[in-house]
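**Q** Once you've had a glance at the structure underneath, I'll fire off some questions.
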Amino acid sequence: MNLKKLLSGLVFGTAIVAAPVHAAPILSDIVFVVDESGSMGNVQRNLRTNIGLFASILTGTGQVDAQYGLVGYGDRGVSPRMLTDFVDADDFSTAANGLRTNGGTEPGYLATAFALNALDGQSDLFSFRSNAVKNIIILTDEPNNPNNSSYYGTVGGANVNSSVLDSILTDNNALYNGVLRNSSTIESYSSLITGHGGTVFNLNLFNTTDTDVVTAFVTDFANKKLQETLDFCDLNPTDPACLPTQDVPESGTLGLLSLALGGLVFRRRLSKFTATA
């Protein structure tokens, strides 16, 4: 009888503890939107040569799986334009060689809408993954101009102003960051950026030939972008990019389960023996 109680306690007292939930890396689809005016040469060069460092920091912990697209804007004839759909950091660096420095028109709101596939009749479409966080990063030293950019594109037949862009960012649940300089530029973009989970960064630290300054800036920028992406899932736990993977029993749990089942079989055999004794 005591043996039966002991086995019963083993079988029914053993708790099967679920293994911890291990979330998959957060997918992050990042589009850099780059001003192509003549003053942006150093910025474009530093972007090409430092995207590898940025990517290694962003994805090095295994918490984020990122890919990168590129928009150039400022050339009056073809503004904005896709230089590459989503690729890895090496291919992005190659594509960034196609950036120009001959622009004089900077419709940054329109270019951002383009990066989110939102323009009327847009032919170049970025292939965002359905379960990825959308990240838009604009680099410019000029405020949005012209205020009437409908010559270059429209959304719903309307000019892409701040209100229209705000709605587009909201509809896409997109993060928005700016690497900016000049007070008028910051004023043009800051409310949109802070309203969509982002930060305004100092373009002067990226528009230099001092490699130490650039490296320090990229390191800080990438670390903040990593934390921003992780924070996104804290704030948006039901977003497709933030859903956990399916629970998988750990080896220790499987061992306890096997022991419990074995005890159950032995208990049943013991019951039969004592009943016939």
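**Q** Pairs please, first residue from region 214-226 and closer than 14 Å to T61 by Cα, second anywhere and aromatic (F, W, Y) and outside any helix (DSSP H, G or I), Cβ atoms under 9 Å, 6+ apart in sequence or on different chains.
**A** Matching pairs, first to second residue: K224/F201.
**Q** Determine, yes or no, whether I57 is part of a helix (DSSP H, G or I), over 28 Å from P143 (Cα atoms) and at pLDDT 95 or above. Reasoning before the result, please.
**A** On the way: part of a helix (DSSP H, G or I): yes; over 28 Å from P143 (Cα atoms): yes; at pLDDT 95 or above: yes.
It is true that I57 is part of a helix (DSSP H, G or I), over 28 Å from P143 (Cα atoms) and at pLDDT 95 or above.
**Q** What is the residue count in region 106-133 for residues that are crowded, with 19+ Cβ neighbours inside 10 Å and closer than 26 Å to N161 by Cβ?
**A** To start, the set of residues in region 106-133 that are crowded, with 19+ Cβ neighbours inside 10 Å comprises 106-116, 118-119, 126, 128, 132-133.
Now restrict to residues that are closer than 26 Å to N161 by Cβ: 106-116, 118-119, 126, 128, 133.
Residues meeting the conditions: 16.
**Q** Further question: Which of (1) more than 26 Å from the chain's Cα centre (by Cα); (2) at pLDDT 95 or above does N177 not meet, given it meets every other one?
**A** It fails just one condition, (1).
**Q** Among residues belonging to region 60-75 that are farther than 21 Å from K225 by Cα and at pLDDT below 95, point out the one that is farthest from the chain's Cα centre (by Cα).
**A** Among them, the one singled out is D75.
**Q** Report, ordered by the first and then the second residue, all pairs with beta carbons closer than 8 Å, sequence separation of six or more or different chains, a first member in region 150-175 that is free of Cβ contacts under 8 Å to residues at least 40 places away in the same chain and within 20 Å of R81 (Cα to Cα), and a second member that is small (G, A, S) and crowded, with 21+ Cβ neighbours inside 10 Å.
**A** Listed pairs, sorted by first residue: N159/S149.
**Q** Which condition breaks for G103 when tested against (1) buried (at least 21 other Cβ atoms within 10 Å of the Cβ); (2) at pLDDT 95 or above?
**A** Among (1) buried (at least 21 other Cβ atoms within 10 Å of the Cβ); (2) at pLDDT 95 or above, the lone unmet condition for G103 is (2).
**Q** Also, quick follow-up: Among N236, N223, which is the only one that is surrounded by 12 or more Cβ atoms within 10 Å (Cβ to Cβ), polar (S, T, N, Q) and modelled with pLDDT of 95 or more? So that I can check it myself, show each step before the final result.
**A** Numbers: N236 fails: modelled with pLDDT of 95 or more.
Every option except N223 fails the conditions.
**Q** Of all residues in region 126-155 being among the aromatic types (F, W, Y) and modelled with pLDDT of 95 or more, which is farthest from S184 (Cα to Cα)?
**A** It comes out as F128.
**Q** Output the residues belonging to region 169-215 that are over 20 Å from D141 (Cβ atoms) and not β-branched (V, I, T). Steps first, answer last, please.
**A** Initial filter on region 169-215 (over 20 Å from D141 (Cβ atoms)): 169-175, 195-197, 211-212, 215.
Those that are over 20 Å from D141 (Cβ atoms) and not β-branched (V, I, T): L169, D171, N172, N173, A174, L175, G195, H196, G197, D212.
**Q** What number of residues in region 204-246 are assigned to a helix (DSSP H, G or I), farther than 19 Å from A66 by Cβ and of a type in the set (V, I, T)?
**A** Within region 204-246, residues that are assigned to a helix (DSSP H, G or I), farther than 19 Å from A66 by Cβ and of a type in the set (V, I, T) number 4.
Yes/no per residue for (1) touching a Pro at 6+ places or on another chain (Cβ under 8 Å); (2) β-branched (V, I, T); (3) in a loop (DSSP other than H, G, I, E, B):
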{"residue": "G69", "(1), (2), (3)": "no, no, no"}
{"residue": "M82", "(1), (2), (3)": "no, no, no"}
{"residue": "S93", "(1), (2), (3)": "no, no, no"}
{"residue": "Y109", "(1), (2), (3)": "no, no, no"}
{"residue": "F114", "(1), (2), (3)": "yes, no, no"}
{"residue": "D120", "(1), (2), (3)": "no, no, yes"}
{"residue": "F126", "(1), (2), (3)": "no, no, yes"}
{"residue": "I137", "(1), (2), (3)": "no, yes, no"}
{"residue": "S150", "(1), (2), (3)": "no, no, yes"}
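The values are calculated or read from the model by the stated rules, or taken from the named source; none is laboratory data. Predicted model only: the values in this text are computed from it and were never measured. Every residue, glycine as well, gets a Cβ built from its backbone with ideal geometry; the counts of neighbours run over all protein chains shown.
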